[in-house]
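Note sheet for the following structure.
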Amino acid sequence: MTARDGGAPFGNHSQDGYIVSPGPGSSPSFQQYVAAARTGALEALLSLDSANDDADDLDELAYKLLNVAADFGHSEAEDLIDDLLCGSSLVYDDDRFVQGNAHFELGLAYLMGADGLPADLDKGRAHLEKSHACQWPWHVQQGEMLLDEARAILSAPQLRVFDEVYRPR
């Protein structure tokens, strides 16, 4: 899951079988990539260093960052998202697991104002709706537990938005 800015860095990009934000301890940090995405520096996003990372992880990271760029009005990012979905490992994301996970994490990050993103309940809701449309996290073993964990870290206003999309059972 995503972490509040300044939180403990994640050890790698994968945790319990789903992708997480690299965290502030990575180099360059996820927050630096988010800053590039927000300003529209798309070439920085497309030059992710694959020396130490799995290409599939980088494809999801690029997908997340291009969505951030699109959120901040950089329309060319949407074309690049389409290219990424058709010409990378994401072409095999038939069940939309990777896309759902990316939107779930972006939704939480926007709700909390984490990972270099501003708190924005509307953008958070939009990404959570995209995640829900991908049937995420029901593809994940113990998906309900992930929803409960997310609920536990949200404030009351954030939780209201979250529960509008992921209604408690």
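Throughout, read-outs are computed from the coordinates displayed, never taken from laboratory work. Every value quoted in this text rests on a predicted model; they were computed, and no experiment measured them. Glycine also receives a Cβ, built like all others from the backbone with ideal geometry; neighbour counts cover every protein chain displayed.
3J(HN,Hα) couplings calculated from phi for region 106-119 with the Karplus curve 6.51 cos²θ - 1.76 cosθ + 1.60 (θ = phi - 60°) are, in sequence order, 5, x, 5, 4, 5, 4, 8, x, 10, 6, x, 9, x, 5 Hz; Gly and Pro show x. When peptides 155-165, 125-135 are ranked by their average number of other Cβ atoms within 10 Å per residue, the highest-first order is 125-135, 155-165. Taking a ≥ b ≥ c as the square roots of the eigenvalues of the Cα gyration tensor, region 58-148 is oblate, since a/c reaches 1.5 or more and a/b is not larger than b/c.
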